[in-house]
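The next block holds one structure in the form of C-alpha cells; read it before the comments.
What follows draws every value from the coordinates through simple rules; no lab data is involved. Small disclaimer: the values here were computed from a predicted structure and weren't measured. Positions of Cβ are generated from backbone atoms using ideal geometry, with glycine treated the same way; all protein chains shown enter the neighbour counts.
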Amino acid sequence: MSGATRHLKFYNSLWAMMPHDQSGVILPFDQICEMVASAGYDGMAIDLGAGDVEQAHAVRPHMERCGLTPLIVAFPKTIDSLHDTLLMAKDFNAPFVDVIGQVMPLSVEGMIPVVRRWIEMSEKLGMPIQFETHRNCITNDLYATLCLLDAVPEMRLCADLSHFVVDREFKLPLAKRDAALVQRVVDRSDSFQGRVASRQQIQLQLDFPQHQKWVELFKEWWRDGLVSWRDRNANGDCTFLCELGPPEYAMTDSHGREMSNRWEEALKIKSWVSDIWTDLERF
C-alpha cells in the first residue's frame with residue numbers, strides 16, 4: 001500500500017527468560033535485557049502473573065538502558081484492580097496492556113459487563129487494552145470468546161492460539177468449521193504471540209519430527225494474522241511476542257531437564273515471522 005508506514009515489533013518475555021534455556025540459570029536483569037536487545041527484539045513483556053509490580057519496577061531501568069519497550073501483562077482478579085495496572089503501564093510508556101482477566105463469570109451474559117467495564121476504564125485512562133486468548137481466564141473458551149466478540153464489537157484480542165488448540169483439542173487436518181472460527185479470532189486480534197501447541201500439549205519443541213504438522217499450522221495462522229492486521233491497518237505497529245515459557249510449560253525429561261533450547265527456538269519463531277512480514281511487504 002503506497003504511503004503505508006507499518007512496522008512489525010518483536011517482543012520477548014521476562015517470564016520466558018527466567019530461565020531462558022535448559023541450563024536453568026536465571027540471569028540478572030541487566031544481562032537479560034542486554035541479551036534480548038542484542039538479539040534484535042524491540043521490547044519485553046512484563047508478566048504480573050508470573051512476577052509482580054516490584055519486579056516490574058526493578059527491571060524497568062535495565063530495559064530503558066537497553067532501549068526495550070515494556071509490555072505489561074495483567075491478571076486482574078477484580079474489575080477495579082485493573083485500574084492501577086493501567087496507570088502503571090501508562091507511566092511505563094507501554095503500547096497497551098495485555099489483559100488475562102481473572103474475573104470469570106460462568107455465563108457469557110455475566111462476562112459482557114466485565115469486559116465492557118474494563119474497556120471503559122481503558123478508554124478513560126487513555127491506555128489501550130487487548131484481551132489475550134488464554135486458559136484459566138475470561139477468554140478461556142473459544143466459543144464463549146466468540147460470543148463476547150459478537151456482543152462487544154469494541155473488544156480487541158491478543159491472539160495466543162496455543163491455548164485454544166489445547167482447549168478445543170483440535171485435530172489435524174483442521175476441520176473447515178474450526179478454521180473459520182480461528183479466523184474470526186484472528187480478525188479481531190491486534191497483536192499475536194508465538195508458541196506452537198498440539199491438541200494435548202501447550203508448548204512443543206520446534207525441531208521434533210512428530211511436531212512438524214503443528215509447526216506448519218501455526219506458521220499458517222501467523223501469516224493469516226499478519227495479513228488480517230495489515231488489511232485493517234495502513235499505519236502503526238504490529239506486536240508479535242515470542243513467549244516460550246519455562247517448565248512446566250516447557251516439557252522436561254525424567255531429570256527435570258528441558259528437552260530443547262527455548263532461547264534458540266524463540267529466535268527461530270522470530271525469524272519465521274519476520275520472513276512472513278517481509279514477504280507480505282512485497283505486495
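Here are a few things to note about the model shown:
- Cys residues of the chain that find no other Cys beta carbon under 4.7 Å: Cys137, Cys147, Cys158, Cys238, Cys242.
- Here's how it looks for Phe131: its modeled amide H is under 5 Å from those of Val99, Arg156, Leu157, Cys158, which are all 5 or more places away or on a different chain.
- Applying the Karplus relation 6.51 cos²θ - 1.76 cosθ + 1.60 with θ = phi - 60° to the stretch 266-273 yields 3J(HN,Hα) values of 4, 5, 5, 4, 4, 5, 4, 5 Hz, where x marks Gly and Pro.
- Close amide-amide hydrogen proximity is noted between Ala45 and Asn12, Ser13, Leu14, Leu71, each under 5 Å apart and 5 or more residues distant or on a separate chain (H modeled in the peptide plane; Pro and chain starts excluded).
- DSSP bridge orientation in the chain - percent antiparallel, rounded to nearest 5: 5
- Simple Cβ-charge dipole of the stretch 154-282, Lys/Arg +1 and Asp/Glu -1, about Cα centre, in debye nearest 20: 380
- Karplus-based coupling profile of the stretch 58-67, in residue order and whole Hz: 6, 7, 3, x, 6, 5, 4, 4, 8, x, with θ = phi - 60° in 6.51 cos²θ - 1.76 cosθ + 1.60 and x standing for Gly or Pro.
- Each peptide in 199-208, 162-171, 248-257 receives the mean, over its residues, of other Cβ atoms within 10 Å, and ordering these scores from highest gives 162-171, 199-208, 248-257.
- Each of (1) 18.1; (2) 15.0; (3) 20.7 is a candidate for mean projected area of the Cα convex hull in nm²; the one calculated from this structure is (2).
- Label-point gap, in nm, between Arg135 and Asp178 - each point 7 angstrom along Cα→Cβ: 1.6
- Under a model in which nothing but the beta-carbon of Lys, Arg (+1) and Asp, Glu (-1) is charged, the chain shows a dipole of about 640 debye around its Cα centre.
- Once you reduce the stretch 84-157 and the stretch 212-283 to the center of their Cα atoms, the two points are 23 Å from each other.
- Lysine pair count for the stretch 5-281 with Cα-Cα distance under 17 Å and sequence separation of 8 or more or different chains is 9.
- Here the Karplus curve 6.51 cos²θ - 1.76 cosθ + 1.60, taken at θ = phi - 60°, turns the phi angles of the stretch 200-216 into couplings of 10, 9, 7, 8, 9, 6, 6, 9, 5, x, 5, 9, 5, 5, 7, 4, 5 Hz, with x standing for Gly and Pro.
- Label-point gap, in nm, between Met35 and Ser274 - each point 7 angstrom along Cα→Cβ: 1.8
- Dipole of the chain, positive direction: furthest Cα of Gln31, Leu174, Val73, with charges on the beta-carbon: Leu174
- Listed peptides 184-192, 47-55 by packing density, highest first (mean Cβ within 10 Å): 184-192, 47-55
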